[in-house]
Amino acid sequence: MTGLLICTALRIEARAVRRGLPPSARNVRVIRTGLGPRRAARTAGRLPEHTALAVTGFGGALDVGLRPGDVLVATEVRFGERVFPCAAARRVAEELALEGLHTRIGPLFTSPHLVTGGERLRLVAAGVRAVDMETGPLAEVSVGTPFVAVRVIVDTPAVPLLRPGTVRRVLTASGRLRRITPVLVAWAATAGPRTAARAAEKRSGGTRSGFTPPEAKP
């Protein structure tokens, strides 16, 4: 069984993650899903067995408080009408901040298309901080498994994707991904065994308290 699976959509994201893997990393696999929720869903349906799953890559900010190069750790993933809590968000965000990354937490929305105009305003009003196109289907198959979603912001309402400077922002985000990767590896090394024990307890009739993700910080 694979330990940590790290899923990205794009080749440039996967390359950055692989370059960020520490020499001590063992039993970690990087998988490229392709762009968009349909491709992500196909990948989600054939993931190898694993003890922890991380989804990372580039994302777009909806919240005007996020800037290109910021890192968002999802407290929950919203996909259609479904919401998938991410219990590890605060812990991972704190570790990323210790690495010197400008890190925020909050809801992430998975969309099949670029979000603009009135749709963006509605999502912002609902508390969503950023958007991507792949995390939802992967979160859906990860219920009961340690899961985290981390996005590096490339575009914002004030700095749209198709503008001069996009290449520079993508290169900056790739550098952030390399720095994020060791934190994901360290998180998975301790998250997997704890969750396996909780799952065994649940199967044997035990109970455990739930975890409510914290509200997004401004």
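Every number in this text was worked out from the coordinates using simple rules, so none of it is lab data. Bear in mind the structure is a predicted one, so any value in this text is a computation, not a measurement. Heads up, the Cβs are rebuilt from the backbone with ideal geometry, glycines too, and the neighbour counts pull from every protein chain shown.
Do you know the relative contact order of the chain, to the nearest whole percent, from alpha carbon pairs under 8 angstrom that are 6+ apart?
Numbers: 439 pairs, mean separation 65.8, N = 218.
Result for the chain is 30 percent.
Output the relative contact order of region 1-113, whole-number percent, from Cα pairs under 8 angstrom with separation of 6+ residues. Let's see the in-between values first.
On the way: 160 pairs, mean separation 29.4, N = 113.
Answer for region 1-113 is 26 percent.
Could you line up L171, L162 from fewest to most neighbouring Cβ atoms inside 10 Å?
On the way: L171 11, L162 7.
Lowest to highest Cβ neighbour count: L162, L171.
Whole-Hz Karplus ³J(HN,Hα) for region 108-113, in order, using 6.51 cos²θ - 1.76 cosθ + 1.60 and θ = phi - 60°, x for Gly and Pro?
Karplus values, whole Hz, x for Gly and Pro: 10, 10, 9, 10, x, 8.
Quick one: Karplus J couplings for region 20-33, per residue in order, coefficients 6.51, -1.76, 1.60, θ = phi - 60°, nearest Hz, x for Gly and Pro?
x, 4, x, x, 7, 5, 10, 6, 10, 10, 9, 10, 9, 8
Please give the contour-minus-distance gain from L98 to R122: 0.36 nm per residue of separation, less the Cα-Cα distance, rounded to one decimal in nm. Write out the running numbers ahead of the final one.
On the way: separation 24, 0.36 × 24 = 8.64 nm, distance 3.31 nm.
Taking 0.36 nm per residue and subtracting the Cα distance, the gain is 5.3 nm.
Can you tell me the orientation of helix 89-98 relative to the chain, as the angle in degrees between its alpha-carbon axis and the longest Cα principal axis, to the nearest 10?
Computed tilt is about 70 degrees.
Using packing as a proxy for protection, rank 113-119, 80-86 so that the peptide with the highest average count of other Cβ atoms within 10 Å comes first. Intermediate results must be reported in sequence, preceding the final value.
Values: 113-119: 12.7, 80-86: 14.9.
Taking the mean over residues of other Cβ atoms within 10 Å, the ranking is 80-86, 113-119.
Taking the Cβ-Cβ separation of S24 and H113 as r and a Förster radius of 41 Å, what is the calculated FRET efficiency to the nearest 0.05? Intermediate results must be reported in sequence, preceding the final value.
Values: r = 40 Å, r/R0 = 0.97.
About 0.55, to the nearest 0.05.
Return the whole-Å distance between the Cα centroid of region 23-82 and the Cα centroid of region 120-161.
A separation of 9 Å, based on Cα centres.
For the chain, evaluate the Debye formula with one uniform point scatterer on each Cα (no solvent term) and list log10 I(q)/I(0) at q = 0.07, 0.09, 0.11, 0.14 Å⁻¹, rounded to two decimals.
-0.19, -0.32, -0.48, -0.79
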